[in-house]
Amino acid sequence: MPSQLFFAPALWLLRRMGMRAKFALLGLCGLLALGAVLWSGYWVAGRDLQALLAGGVMLVFLYGTGALYVDLAQGLRRLLQVTTQATQGDLTSRAQCAGRDELAALGSQLDSMVLSLSAMVADVRSNAALVAQAGHHLTLDQHALSARTEQQAASVAQTVVSVEQVSATGQNN
């Protein structure tokens, strides 16, 4: 990324600051730019030098603004990418946002949430396997019980026939 290389020094600084400090620094740069333009008329003789000073300070302000944009855009893009992957079922991606600002904290919380979701999915899969296994055992036990019941019913029926035969033989005698 060419923008990341160009803004590398400013990104290094911005990633070590919180969001408030970033905007305060940008505001301070803007005030310094405005002050330099206003005060340059009193301290610097010559319009060319005054315009050069004002242009230089404005370039520093624009550089800081661009670096802040790149920093925020990269963090938000990474968070959006991880969120999209998680909603599509990929619970292996991590945000890993660099820095100490609110976006980095949000990325850390997103990583924790994805890990928790992954653990819950693993738990559900494990419990589903246990339920399936228990259901299989219950089916086997039910078939065995049914077979024993049929066998006992056949034995009872045979006993009834035998008793009827003995009873008929006893009545004939």
### Summary
Of Gly75, Gly18, the only residue that is in contact with an Asp or Glu (Cβ under 6 Å, 6 or more places away or on another chain), small (Gly, Ala, Ser) and closer than 30 Å to Val114 by Cα is Gly18
### Query
How about segment 40-61: which of its residues are modelled with pLDDT of 80 or more, surrounded by fewer than 13 Cβ atoms within 10 Å (Cβ to Cβ) and among the hydrophobic types (A, V, I, L, M, F, W, C)?
Leu59
### Query
Do we have Ala95 as of a type outside the set (Lys, Arg) and farther than 26 Å from Val121 by Cβ here?
no
### Message
Criterion first (free of Cβ contacts under 8 Å to residues at least 40 places away in the same chain, closer than 30 Å to Val121 by Cβ and either of a type in the set (Asp, Glu) or in a helix (DSSP H, G or I) (or both)) does Leu25 satisfy it?
### Response
no
### Message
What's the total number of residues in segment 82-128 that are of a type in the set (Asp, Glu) and touching a Gly at 6+ places or on another chain (Cβ under 6 Å)?
### Response
1
### Query
Does any residue of segment 52-63 turn out to be touching a residue at least 40 places away in the same chain (Cβ under 8 Å) and either assigned to a helix (DSSP H, G or I) or within 24 Å of Phe6 (Cα to Cα) (or both)?
yes
### Query
Out of the residues in segment 68-88 that are free of Cβ contacts under 8 Å to residues at least 24 places away in the same chain and assigned to a helix (DSSP H, G or I), which is nearest to Ala10 (Cα to Cα)?
Tyr69
## Note on the structure
When every residue in segment 89-128 that is among the acidic types (Asp, Glu) and in a loop (DSSP other than H, G, I, E, B) is compared, the one nearest to Leu13 (Cα to Cα) is Asp101
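The values are calculated or read from the model by the stated rules, or taken from the named source; none is laboratory data. Keep in mind that what you see is a predicted model, and the values were worked out from it rather than measured. When we count neighbours, we look across all protein chains shown, and the Cβ atoms used for this are built from the backbone with ideal geometry, even at glycine.
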